[in-house]
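Before any comments, here is the structure.
Each value in this text was obtained by applying a stated rule to the coordinates, not by laboratory testing. Everything quoted here is computed from the prediction, not taken from an experiment. As a convention, Cβ positions derive from the backbone with ideal geometry for all residues, glycine included, and neighbour counts pool all protein chains shown.
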Amino acid sequence: MSGPLKGLRVVEMAGIGPGPFCAMVLADLGAEVVRVARPGAVPDPHDVLARSRTVLPLDLRDPASVQQVLDLVAHADALIEGYRPGVMERLGLGPDVCLARQPKLIYGRMTGWGQHGPLSHAAGHDINYIAISGALHAIGRSGAAPVPPLNYVGDFGGGAMLLAVGVLSALFEAGRSGRGQVVDAAMTDGAALMSAMMYGMKAAGQWSNQRGENLLDGGAFFYDTYACADGRFVAVGAIEPQFYALLRERCGIADDPAFNAQRDRAAWPLLKLRLAEVFRTRTRDAWCALLEGCDACFAPVLDWDEAPRHTHNQARQTFCTLDGVVQPAPAPRFARTPAAAPIRSTTATADEVLARWAPAASKAATA
């Protein structure tokens, strides 16, 4: 592997959702990630989140397997796990034990509710974690129920991404202090943090609790999606006056005085209906030919099959194919230390990994 994290060694305790996503991001950027999985685990090309890893099948009910993990920890920079609080401690792999073996270890913990608090031991999923942060309430149409935004906000944005930031921040600090630490990444915290701008706007009187009636939640007619003549959709986000003026010009409504009331919230519902009528007059491709690439803040709404074929995504190589599976390529881009293309995960034994991580110790053990 190559990339800015080349040389970083990470032990990943296999799980689902945000933990694997965080490990994938680290592996994409060059870290060597060893995934401790259940016995019999084999790499699955359809499990995109598990790419670019060394898979180490171990039965953690066996003390010998636990010892093998600790042997890896002794030569690792970081460990990430996504179990409920207390599980790693019961396995004999809690932070105190691991930090005793490797004092500079960064021990990343990924949970929904966090390591403490009245809900910390309860089961849950993304939808539950973003519900108590305020984020879920804000997503959806006016007068309708909140809409789950897939599992982007809790699992991946507020969870995995924040865990990656936390681990890398702690690694930076450990480089100065020589001491490791625990990173407690809770999806409830992360989802709340991602809502920072909205909390600020609400305090300023610029955002309300009324779902689907605000600037960025579909309330504004100039920041929404619209159906076209062929049933496909386009997205517009012409907030700034100059971009809104260009949208009006290209859509043929520049001379319609009704659309002068861009910032009149009382006029938004009617203008949304009016603009919807405009977009229904052409197919999505016709609108793309008219608006895509100009400053009207326009884009077609693409499905999973269309997105990898879009000319912009192809030019930037935003997607790649591994073992016949189309998937997002590593991001972000680095000028001097670019990340390599994702590779197929392979299985290994603990001894094989230790032969790479601690060759002198491995040779001594087999002598």
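Using a Gaussian network model of the chain in which every pair of alpha carbons under 10 angstrom is joined by a spring, one finds that among Ser177, Ser133, Ser52 the greatest mean-square fluctuation is at Ser177. Over the C-alpha trace of segment 223-313, radius of gyration and Dmax come out as 13.2, 40 angstrom. Relative contact order of the chain, taken over Cα pairs closer than 8 Å and 6 or more residues apart, is 20 percent.
Taking Cβ atoms as reference points and 14 Å as the exclusive limit, the residues near Glu173 contribute a net charge of +2, counting Lys and Arg as +1 and Asp and Glu as -1.
For the chain, the average shadow cast by the Cα convex hull is 22.0 nm², which is a quarter of the hull's surface. Charge tally around Phe279: other residues with Cβ under 12 Å, Lys/Arg +1 each, Asp/Glu -1 each, net +4.
GNM on the chain, alpha-carbon springs under 10 angstrom: the most fluctuating residue among Ile253, Ile106, Ile132 is Ile253.
Given axes a ≥ b ≥ c from the Cα gyration tensor, I'd like to know whether segment 5-125 is rounded (a/c under 1.5), prolate (a/b larger than b/c) or oblate. In terms of gyration-tensor shape, rounded.
Centre-to-centre, using Cα atoms only, segment 34-55 and segment 58-125 are separated by 18 Å. Of all aspartates and glutamates in the structure, those lying under 18 Å Cα to Cα from Lys104, and not within fewer than 8 positions of it along the same chain, are Glu12, Glu32, Asp71, Asp77, Glu81, Asp96, Glu173, Asp184.
Here the Gaussian network model covers the chain, with springs between Cα atoms less than 10 Å apart; of Leu70, Leu290, Leu216, Leu290 fluctuates the most.
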